[in-house]
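Just so it is clear, none of the values below were taken in a lab; they were calculated from the coordinates. Just so we're clear, the structure is a prediction, and the values are computed from it rather than from any experiment. Note that each Cβ is placed from the backbone with ideal geometry, even for glycine, and that neighbours are counted across all protein chains shown.
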Protein chains: 2
Amino acid sequence: MTDSKDPREAKLPEKSNFSEWYHELLKSAEIIDVRYPVKGMCVWYPFGFALRRSVYNIIKELLDVDHYETQFPLLIPEQEFMKEAEHIKGFEDEVYWVTHGGTSPLDVKLALRPTSETAIYPMFKLWIRSHADLPLRVYQIINTFRYETKHTRPLIRLREITSFKEAHTAHATWDEAAAQVEVAVERYAEFYRRLAIPFLTCKRPSWDKFPGADYSIALDVIMPDGRTLQVGTAHLLGTNFAKTYGITYEDAEGEQRLVNQSCYGISERCIAALISVHGDDRGLILPWEVAPIQVVIVPIVFGDKAPIIEACRALERELSAAGIRVKVDEGDERPGAKFYRWEMRGVPIRLELGPRDMAKGQVVIVRRDGAKRAVPRDGIVEAVIEEGHALQEVLAKKARASMEEHIRLVQTVEEAIEQVKTGVARIRWCGSVDCGHQLEDLVGANMLGEPREEPLLPGPCPICNASTTGSTYMARQY
Amino acid sequence: MTDSKDPREAKLPEKSNFSEWYHELLKSAEIIDVRYPVKGMCVWYPFGFALRRSVYNIIKELLDVDHYETQFPLLIPEQEFMKEAEHIKGFEDEVYWVTHGGTSPLDVKLALRPTSETAIYPMFKLWIRSHADLPLRVYQIINTFRYETKHTRPLIRLREITSFKEAHTAHATWDEAAAQVEVAVERYAEFYRRLAIPFLTCKRPSWDKFPGADYSIALDVIMPDGRTLQVGTAHLLGTNFAKTYGITYEDAEGEQRLVNQSCYGISERCIAALISVHGDDRGLILPWEVAPIQVVIVPIVFGDKAPIIEACRALERELSAAGIRVKVDEGDERPGAKFYRWEMRGVPIRLELGPRDMAKGQVVIVRRDGAKRAVPRDGIVEAVIEEGHALQEVLAKKARASMEEHIRLVQTVEEAIEQVKTGVARIRWCGSVDCGHQLEDLVGANMLGEPREEPLLPGPCPICNASTTGSTYMARQY
């Protein structure tokens with residue numbers, strides 16, 4: 001469904017106009033189609049799904065090392081769902097309910113999972129019998145549902161989250177579960193490093209932790225407009241759910257003990273971050289590893305077309321044999337229209353090959369960030385891979401610089417108010433809940449939580465004036 | 001959650017007692033856990049999910065050649081769902097309805113997809129504009145829901161089908177759509193060949209086609225008890241849905257024309273067939289290509305344990321480096337208990353290595369079907385792969401013979417009644433709907449449809465006595 005569209009029809013707004021740019025890009029690059037007739041439920045275009053697939057392959061690879069992939073049912077009976085009081089308080093306003101099967105009312109209402117603790121933990125109770133069954137680490141990649149009353153946004157705030165990767169673990173002790181939370185954060189960090197996306201890691205303030213958790217760690221990405229996007233969370237559940245669902249194990253001494261749990265999740269927001277952090281006025285820029293098409297070859301035809309096309313196909317065969325995802329664009333359009341289309345889709349490397357290049361035994365290699373050079377036709381595979389990796393470096397460096405530009409250490413509420421208009425403020429905070437709530441109210445932004453980097457020198461909490469080395473990030477959040 | 005269980009606790013009934021064998025095996029081999037607290041909704045155990053993953057990788061590989069993977073929403077607004085009259089008639093009694101979001105009733109009821117025509121085709125209308133957009137071939141692997149009132153069975157008749165692979169295509173002409181149906185049947189045939197599962201291919205009688213289709217082709221597997229399991233279907237939709245959803249394209253002459261469509265699906269029933277066709281009294285037997293663990297190495301320890309374990313680990317490293325999914329079972333149990341567990345899970349090849357083998361420079365290789373020989377330690381990789389492929393041949397041949405034993409050409413209704421007690425009857429049928437219905441009523445079994453093999457010599461239709469070369473398969477169906 002792409003070929004019949006003139007790519008020049010699409011007018012991508014400048015990225016400085018972030019919200020419009022984002023929505024138009026999802027359409028022009030064929031990531032997500034928002035025209036499905038239910039608000040907040042979207043369709044993955046084939047190209048978008050191919051991107052999702054390669055991004056999620058990284059998640060799977062990182063988890064498969066020591067997690068099992070599984071799948072649990074979507075529908076949760078009301079009585080199971082309602083068991084954990086704090087948890088349900090956090091979700092009850094946004095749960096979809098199935099009430100009818102065919103034309104008959106159901107005896108028991110069924111919730112569409114907003115997250116799967118209440119579906120999984122009754123099974124953990126059955127699966128775990130002894131210490132030898134621990135640790136247990138499972139994950140699933142599934143759809144979840146939230147009846148959002150806020151404004152929805154494709155990939156960011158959805159009523160159907162199509163790509164929720166949730167992991168759930170059980171351990172003998174609280175310390176082991178807490179250590180697993182750190183492992184999860186490190187896996188997610190590795191995942192975002194492979195996408196060249198920098199992020200903040202914070203322990204969320206107590207009033208913003210996951211319902212039912214002892215504490216929550218979150219990863220946030222700073223979007224181009226300075227607002228933050230929570231792109232991953234890891235929760236220490238302790239024994240809270242184990243108590244509710246009766247998940248116990250027999251320890252080495254024959255005692256029955258409650259398991260300690262953690263859970264952690266990532267959704268298609270990782271794709272939203274990928275698109276938003278790296279893209280430019282011309283469209284997507286995709287890191288080499290995840291680009292559905294890594295290299296596009298554009299024949300530059302003067303005079304006799306056949307030998308050029310043949311040379312391009314030979315090039316394609318050679319790159320493809322080396323495991324590179326490559327495509328020759330043999331269409332009849334002028335090269336400029338082709339450049340436009342593949343730039344929109346973020347293809348990392350474009351190769352141009354015309355009669356003059358053939359005569360010189362060279363290929364012109366254009367990286368998606370604009371770098372351009374002619375390279376010898378021999379050794380093209382190595383040159384392409386080298387440029388693919390070089391692009392990764394460029395993207396990571398640029399994204400890191402942009403993130404740092406968006407963070408400022410501020411001393412006063414007034415400075416914080418100003419800073420959160422375009423970025424993230426780091427501000428001293430004594431750690432008290434009262435001062436935290438006041439800070440959020442006065443600044444008009446959310447606390448992301450305590451940075452995990454080096455603490456500050458002592459200074460006054462801007463609310464209570466108590467001297468503190470503590471601080472918090474504050475931002476407007478998506 | 002496996003290690004703490006004594007595998008000897010499980011008592012697998014003999015396979016001749018098929019239904020009990022099947023249910024116990026799903027549990028003992030840890031494929032599916034049926035204890036989830038909603039009838040007809042099951043949990044994939046980690047081992048079961050690993051098997052599903054490798055089986056579905058084959059489907060993806062076969063479709064990725066010329067289909068795009070996509071994903072469409074689960075929830076379908078009532079008015080879209082109700083548009084195609086014949087289609088909805090086929091599904092309305094078994095649709096789950098979401099009626100509430102949080103505590104509020106929804107303005108528009110949302111159906112949980114029983115299949116996705118009504119979710120996908122409104123988007124096809126938007127995606128398809130000209131003949132250059134055709135053919136369009138997409139697929140998705142998703143969960144679907146049917147409020148089954150019949151007895152449910154894990155992997156076979158479910159209320160949540162977790163693993164529905166549905167493909168949807170659009171073409172310029174009816175002939176091209178019909179040709180796509182043949183392509184689909186051929187892909188499915190290839191899929192089942194790779195699983196060493198023989199099947200029947202029939203055009204379903206008109207009263208059993210997919211609601212909204214011109215006709216339906218189905219693949220059926222004969223289960224050990226002689227009942228058939230429909231394991232794949234391909235439907236020619238013609239312009240039926242295109243009319244309802246207004247899916248048109250501009251042809252080369254600038255005329256607007258309706259597209260012609262096909263759709264085809266496979267579900268986790270393919271796993272049910274895989275388990276049932278190949279398994280034996282000791283458990284699963286998995287074909288080499290899809291076994292989550294292809295080779296288990298069991299150390300046979302006499303005297304000093306360390307050198308044996310080290311030799312087993314070296315063997316594991318060598319096989320693993322060759323891309324084989326291999327595991328050493330270093331547990332403290334006696335070898336017999338290990339054999340039992342890995343046979344239950346269908347591991348194709350067991351290697352046994354003890355001091356006597358080491359002294360002789362050999363490894364004992366035991367195929368899951370019982371074939372056993374000692375092979376030189378050098379060249380073990382080739383020997384293992386050879387035996388893996390040999391097992392595939394054995395399974396295919398055995399399954400083929402069993403299928404043929406279960407089919408009999410019969411001349412009379414009485415013979416058919418007898419035959420469908422333990423297998424599939426092939427019986428003459430003039431092709432008229434009336435005779436078809438009478439046959440089904442008299443025989444007390446379903447018509448699968450006309451075999452695609454060579455027609456019969458002329459003979460009388462057992463109902464109307466008209467001479468015919470036509471025939472049909474009849475069977476009790478799952």
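Note that region B:407-475, at 37 °C in a medium of 0.692 mPa s, gets a Stokes-Einstein diffusion coefficient of 287 µm²/s from its Kirkwood radius over C-alpha pairs. Here the 3J(HN,Hα) profile of region A:202-209, calculated from phi with Karplus coefficients 6.51, -1.76 and 1.60 at θ = phi - 60°, is 9, 8, 5, x, 4, 7, 10, 7 Hz, Gly and Pro shown as x.
Here the Kirkwood formula puts the hydrodynamic radius of region B:1-130 at 18.9 Å, using every distinct Cα pair. In this structure the amide hydrogen of A:Ser471, modeled in the peptide plane, comes within under 5 Å of the amide hydrogens of A:Trp429, none closer than 5 places in sequence on its chain.
Label point of A:Asp441 (7 Å along Cα→beta-carbon): distances to the other copies' equivalent points are 7.9 nm, sorted ascending. DSSP assigns beta bridges within region B:295-392; of those with both partners inside it, close to 55 percent run antiparallel. Across chain B, the relative contact order, built from alpha-carbon pairs under 8 Å that are at least six residues apart, equals 14 percent. Label points for B:His389 are taken 7 Å from Cα along Cα→Cβ. From this copy to the others they lie 3.5 nm apart, shortest first.
The overall shape of region A:266-347 is oblate: from the C-alpha gyration tensor, with semi-axes ordered a ≥ b ≥ c, the ratio a/c is 1.5 or greater and a/b is no larger than b/c. Report the antiparallel proportion of the DSSP beta bridges in chain A as a percent, rounded to a multiple of 5. In chain A, DSSP labels about 80 percent of beta bridges as antiparallel. Estimated from helices alone, the mean residue ellipticity of chain B at 222 nm is -10500 deg cm²/dmol (sum of -39500 (n - 2.57) over DSSP H runs with n ≥ 4, per residue). Summary of the geometry: region B:53-75 and region A:359-402, compared by the centres of their Cα atoms, lie 32 Å apart.
Where Rh is the Kirkwood radius over the Cα pairs of region A:8-52, the temperature 4 °C and the viscosity 1.567 mPa s, what D in µm²/s does Stokes-Einstein return? It comes out at roughly 116 µm²/s. Taking a sphere under 13 Å around the Cβ of B:Arg257 and counting the other residues whose Cβ falls inside, with K and R at +1 and D and E at -1, yields a net charge of -4.
With θ taken as phi - 60° and the Karplus curve 6.51 cos²θ - 1.76 cosθ + 1.60 applied, the whole-hertz 3J(HN,Hα) list for region A:216-226 is 10, 9, 10, 9, 10, 10, 8, 7, x, 8, x Hz, x standing for glycine and proline. Enclosing the Cα atoms of the protein assembly as shown in their convex hull gives a volume equal to 201 cubic angstrom per residue.
Taking trypsin sites (Lys or Arg not before Pro) across region B:115-205, the ones in a DSSP loop with at most 12 further Cβ atoms lying within 10 angstrom of their Cβ are B:Lys150. For chain A, taking the reciprocal of the average inverse distance between every pair of different Cα atoms yields a Kirkwood hydrodynamic radius of 24.7 Å. For region B:344-422, trypsin sites (Lys or Arg not before Pro) meeting the loop criterion (DSSP other than H, G, I, E, B) and having at most 16 other Cβ atoms within 10 Å: B:Lys421. Within the shell of other residues whose beta carbon sits under 13 angstrom from the beta carbon of A:Ile309, the net charge comes to -3, with Lys and Arg scored +1 and Asp and Glu -1. Which longest uninterrupted range of chain B lacks any GluC sites (Glu not before Pro) assigned by DSSP to a loop state (not H, G, I, E or B) and surrounded by at most 10 other Cβ atoms within 10 Å? Excluding the exposed sites themselves, the longest stretch runs over B:15-252.
Peptide B:390-400 is shielded by partner chain Cβ atoms: per residue, an average of 0 of them sit within 10 Å of its Cβ.
Shortest first, A:Arg373 label-point distances to identical copies amount to 5.6 nm, with the label point at 7 Å from Cα along Cα→Cβ.
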